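K.L.:
Structure in structure tokens, see below.
The values are calculated or read from the model by the stated rules, or taken from the named source; none is laboratory data. The shown structure was predicted, so the numbers you read here are calculated from the model rather than taken from an experiment. Positions of Cβ are backbone-derived with ideal geometry, glycine not excepted, and every protein chain shown enters the neighbour counts. Side chains included, ligands, DNA and RNA excluded: accessible areas come from the protein's heavy atoms. Shrake-Rupley method; radii C 1.70, N 1.55, O 1.52, S 1.80 Å.
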Amino acid sequence: MFVSGPDTRDARRRVVIVGGGVAGLDLAGILGRDPALDVILLDHATSHVWKPMLHSIAAGTHDVAQVEVPYVAQARHHGFTYVPGRVDGIDPVTRTIGVAPFSFHGRELLPQRTIDYDTLVLAIGSVAAHFDVAGVEEHARHIDTLAEARDFQAHVAPRLVEAAQTGVPLRVAIVGGGATGVQLAAELVQIADIADDYGLGGGRKSLDITLVDRGDRLLPAFPERISSAARTRLEGLGITVRTGVDVSAVHESGLQLEDEVLPADLCVWAAGVEAAPLAATLDTLQRMRNGRVVVDNHCRSISSPDIFAIGDCAAFGGSEDGSPLPPTAQVAFQQAVYLGRWLPTIVLGEKAPAFRYRDLGALVQLGGYDAYGALGQFGIFGRGFLRGRVAQAGHAFLYRRHQMRLHGIGPALRLWLAERIAGKARPSSKLS
Ligand SMILES: Cc1cc2nc3c(=O)[nH]c(=O)nc-3n(C[C@H](O)[C@H](O)[C@H](O)COP(=O)(O)OP(=O)(O)OC[C@H]3O[C@@H](n4cnc5c(N)ncnc54)[C@H](O)[C@@H]3O)c2cc1C
């Protein structure tokens, strides 16, 4: 089933991409069309999902079976090689990467391996940052990966049903008032509403959600107007929002706040962003405190000319105020498109334009209840706001555009149609 990793080299330049997420999988598909390149994509997962969907997979409002893209199939159709495994070391001097043994459903299929590269692209994404808060690792759940989102769903579904049956609400504390925490809170309310519709009872009364953030408002990356509208909407859904509150520890039974304990049956850590763990091992590359690899205006590491970094794991200083671009799907996508077009030119030492980020705005969706959008500098309407169905359509469009890029317009339209038809025939949510 899997390609174990090429051990022979041909004359083509070998480009190894680590991470098949929003940026890496898109880039692999573009570069795979170039006959002068031998493109290898590594990922420790066997399938890709659009990460901005993980909160809905975690809540169970989206069935993952409909949206997974197996890497083997994608590689077969788009001219690159997929190698499964977690990269656990990179040596820029010998230009080799170490790949940990790979197990599939508990069986070790591939041993520890070494793969060499001419050009390496890091697209390993990010995880929530723990800020050295005690107990996060042991007692909080995360939804940074598909595996974590699935685990979360499997954990929450029976407890929600139990809460509906017993009448004792499930107490959920979510730390982090950014897009992930806000969207997860709304999706959890939605799955409780769906459970009620299915006749399980309980509804919103079976959930007691508190969203905690140390900042003075939710969604700090959005304009104030969207923060306060989202807060009002969440509170209307029965969610308690507490801002300006520091979490000093996570216990098995809740959150330690400044001078009180917030009891919770389930704590979710969705605060802060740092580069995926591999970045912490890359001692020879210049990185920021949060592990993001510092890159130049061609998305190339400023310490190692054979290594590029894109998406959440890269620190590209291209914001209006000179700070690194935000870790968003929009940045990841634009950097993939840029390197897809210019990487072959850059590695030959020829002149290429600098990457320029076009801020098209940001969207946040509160389940099926509402959505908000702040249009960026390059939006058709200038710096404006969206709300409701238009914003929901914009949010859905981001995913559809991603599908079109991965599969082509025709197959993406067929997938959309198939989802619509399946949605009419069976429930799209998952309470099993
Ligand atoms: C719940 C949630 C909701 C979000 N909503 C939005 C939104 O609405 N809008 C928006 O713009 N952004 C949103 N984001 C952020 C967005 O998902 C990221 O900015 C985007 O996915 C970054 O793309 P990437 O390619 O850099 O990383 P990712 O898409 O995270 O991909 C990284 C890949 O690297 C692989 N990987 C990591 N380490 C290794 C290793 N050592 N070896 C092999 N493979 C490895 C991972 O398996 C993964 O496939 C959301 C994020 C979350 C978690």
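K.L.:
Could you please give the count of residues in the range 146-183 that are closer than 15 Å to S56 by Cβ and hydroxyl-bearing (S, T, Y)?
P.N.:
1
K.L.:
Take the range 58-81 and flag every residue that is closer than 20 Å to G176 by Cβ, part of a helix (DSSP H, G or I) and more than 9 Å from the ligand (Cβ to nearest atom).
P.N.:
Hit for the range 58-81 is A59, nothing else.
K.L.:
Please list, ordered by first then second residue, the pairs with beta carbon atoms under 9 Å, 6 or more apart or interchain, first in the range 224-236 and of a type in the set (A, V, I, L, M), second assigned to a helix (DSSP H, G or I).
P.N.:
Final answer for the pair search is A230/V182; A230/A186; L234/V182; L234/A185; L234/A186; L234/V189.
K.L.:
Could you list, in sequence order, the residues of the range 381-432 that are in contact with a Phe, Trp or Tyr (Cβ under 7 Å, 6 or more places away or on another chain), at pLDDT 85 or above and not basic (K, R)?
P.N.:
Answer for the range 381-432, where residues must be in contact with a Phe, Trp or Tyr (Cβ under 7 Å, 6 or more places away or on another chain), at pLDDT 85 or above and not basic (K, R): Y399, H402.
K.L.:
For the range 171-181, check the following and say yes or no: at least one residue is away from the ligand (no atom under 16 Å from the Cβ) and farther than 19 Å from D312 by Cα. If you could, list the steps in order and put the result at the bottom.
P.N.:
Looking only at the range 171-181, we keep the residues that are away from the ligand (no atom under 16 Å from the Cβ), and these are 171, 173.
Applying the additional criterion that residues be farther than 19 Å from D312 by Cα yields 171, 173.
Taking every residue of the range 171-181 in turn, at least one turns out to be away from the ligand (no atom under 16 Å from the Cβ) and farther than 19 Å from D312 by Cα.
K.L.:
Related question: Every residue in the range 319-340 that is assigned to a loop (DSSP other than H, G, I, E, B), buried (at least 17 other Cβ atoms within 10 Å of the Cβ) and away from the ligand (no atom under 12 Å from the Cβ), please. Walk me through how you get there before you give the answer.
P.N.:
Of the residues in the range 319-340, the ones assigned to a loop (DSSP other than H, G, I, E, B) are 319-328.
Right, trim to buried (at least 17 other Cβ atoms within 10 Å of the Cβ) and you get 324-325, 327-328.
Passing the criteria: only P324.
K.L.:
Can you report the number of residues in the range 73-95 which are β-branched (V, I, T) and buried (at least 16 other Cβ atoms within 10 Å of the Cβ)?
P.N.:
Going residue by residue through the range 73-95, those that are β-branched (V, I, T) are 81, 83, 87, 90, 93-94.
Then keep just the ones that are buried (at least 16 other Cβ atoms within 10 Å of the Cβ); that gives 81, 83, 87, 90.
The qualifying residues number 4.
K.L.:
Okay, moving on. Given the condition of a type in the set (A, V, I, L, M, F, W, C), at pLDDT 95 or above and not assigned by TED's automatic domain parsing to the domain that holds Q392, answer yes or no: does some residue in the range 192-204 qualify? Write out each step before concluding.
P.N.:
Restricting attention to the range 192-204, the residues satisfying the condition of being of a type in the set (A, V, I, L, M, F, W, C) are 192, 194-195, 200.
This time we only want the ones that are at pLDDT 95 or above, so: none.
Scanning the range 192-204 turns up no residue that is of a type in the set (A, V, I, L, M, F, W, C), at pLDDT 95 or above and not assigned by TED's automatic domain parsing to the domain that holds Q392.
K.L.:
For R292, only one of the following conditions fails: (1) touching a Leu at 6+ places or on another chain (Cβ under 6 Å); (2) under 21 Å from G178 (Cβ atoms). What is its number?
P.N.:
(1)
K.L.:
Does the range 276-288 contain at least one residue that is more than 11 Å from the ligand (Cβ to nearest atom), within 30 Å of T240 (Cα to Cα) and out of contact with any strand residue (DSSP E or B) (no Cβ under 9 Å at 6 or more places or on another chain)? First the steps, then the outcome.
P.N.:
The initial filter retains those residues of the range 276-288 that are more than 11 Å from the ligand (Cβ to nearest atom), namely 283-288.
With the extra rule that they be within 30 Å of T240 (Cα to Cα), the set shrinks to none.
The answer is no; no qualifying residue exists.
K.L.:
So which strands (runs of 3 or more DSSP E) are wholly in the range 174-256 and hold at least 1 residues that are closer than 21 Å to V273 by Cα and in contact with a Ser or Thr (Cβ under 9 Å, 6 or more places away or on another chain)?
P.N.:
On the way: elements: 207-213, 240-243, 247-251.
Ranges flagged: 207-213, 240-243.
K.L.:
Continuing with the same structure: Looking for something within 14 Å of the ligand (Cβ to nearest atom) and surrounded by fewer than 22 Cβ atoms within 10 Å (Cβ to Cβ) - is there at least one such residue anywhere in the range 292-305?
P.N.:
First pass over the range 292-305, keeping only residues within 14 Å of the ligand (Cβ to nearest atom): 292-293, 295, 299.
Restricting the remaining residues to those that are surrounded by fewer than 22 Cβ atoms within 10 Å (Cβ to Cβ) gives none.
No, the conditions are met nowhere in the range 292-305.
K.L.:
Can you tell me which residues in the range 20-48 are open to solvent by 10 Å² or more (accessible area, probe 1.4 Å) and either within 6 Å of the ligand (Cβ to nearest atom) or hydroxyl-bearing (S, T, Y) (or both)?
P.N.:
Scanning the range 20-48 gives G21, V22, D43, H44, A45, T46, S47.
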